[in-house]
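Below is one structure; the comments refer to it alone.
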Amino acid sequence: DIIRTIRDPEKPNTLEELEVVTENCVEVQEIREDEYLVIIRFTPTVPHCSLATLIGLCLRIKLQRCLPFKHKLEIYISEGTHSTEEDINKQINDKERVAAAMENPNLREIVEQCVTEPD
């Protein structure tokens, strides 16, 4: 429910409407009492999607802000759905790269537009 309303950076649709994320792409495992591993596998609309890294960043930011429990978060592109999935997976799961990206005012503004709940 948290990620279904994230908007696509280019289109007026949500990631759920575009089937970039579905309920089946979310996996939650208990690591220890009151701590969970959340794994998201998203599917870009095309294999060469230039905004796949940005979509992954939006997923990470929204979940970090909204998950009400202690968690470890792993976000991946669904296997075989993007031409550079390995590189993108490394980027969106690297805390330093995520922090650096969010320091960029232009990038931060786009992420905020995508993750802000519609009225």
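Here is how the numbers come out for the structure above:
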quantity: Selection count, the stretch 38-48, where residues are open to solvent by 20 Å² or more (accessible area, probe 1.4 Å), farther than 19 Å from Val28 by Cβ and not hydroxyl-bearing (Ser, Thr, Tyr); calculated: 3
quantity: From the options Leu51, Leu59, residue that is under 22 Å from Glu117 (Cα atoms) and at pLDDT 95 or above; calculated: Leu59
quantity: Single residue of Lys90, Lys70 found to be at pLDDT 95 or above, exposed (fewer than 12 other Cβ atoms within 10 Å of the Cβ) and basic (Lys, Arg); calculated: Lys90
quantity: First in the stretch 25-37 and on the phi > 0 side of the Ramachandran plot, second anywhere and open to solvent by 60 Å² or more (accessible area, probe 1.4 Å) and of a type outside the set (Ser, Thr, Tyr), Cβ under 8 Å, 6 or more apart; calculated: Asp34/Phe69; Asp34/Lys70
quantity: Odd one out for Leu15 among (1) surrounded by fewer than 17 Cβ atoms within 10 Å (Cβ to Cβ); (2) over 21 Å from Asp94 (Cβ atoms); calculated: (1)
quantity: Every pair of residues 6+ apart whose Cβ atoms lie under 7 Å, when the first sits in the stretch 89-106 and is under 17 Å from Phe42 (Cα atoms) while the second is part of a helix (DSSP H, G or I) and open to solvent by 50 Å² or more (accessible area, probe 1.4 Å); calculated: Gln91/Arg97
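Each row is one residue, and each column tells you yes or no for (1) closer than 16 Å to Glu112 by Cβ; (2) in contact with a His (Cβ under 7 Å, 6 or more places away or on another chain); (3) surrounded by fewer than 17 Cβ atoms within 10 Å (Cβ to Cβ).
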| position | (1), (2), (3) |
| --- | --- |
| Ile6 | yes, no, no |
| Glu23 | no, no, yes |
| Glu27 | no, no, yes |
| Ile31 | no, no, yes |
| Gln64 | yes, no, yes |
| Glu74 | no, no, yes |
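The values are calculated or read from the model by the stated rules, or taken from the named source; none is laboratory data. As the structure is a prediction and not an experimental result, all values here were calculated from the model. Cβ coordinates were reconstructed from backbone atoms using ideal geometry, including for glycine residues, and neighbour counts include every protein chain displayed. For accessibility, only protein heavy atoms count, side chains too; no ligands or nucleic acids. Shrake-Rupley method; radii C 1.70, N 1.55, O 1.52, S 1.80 Å.
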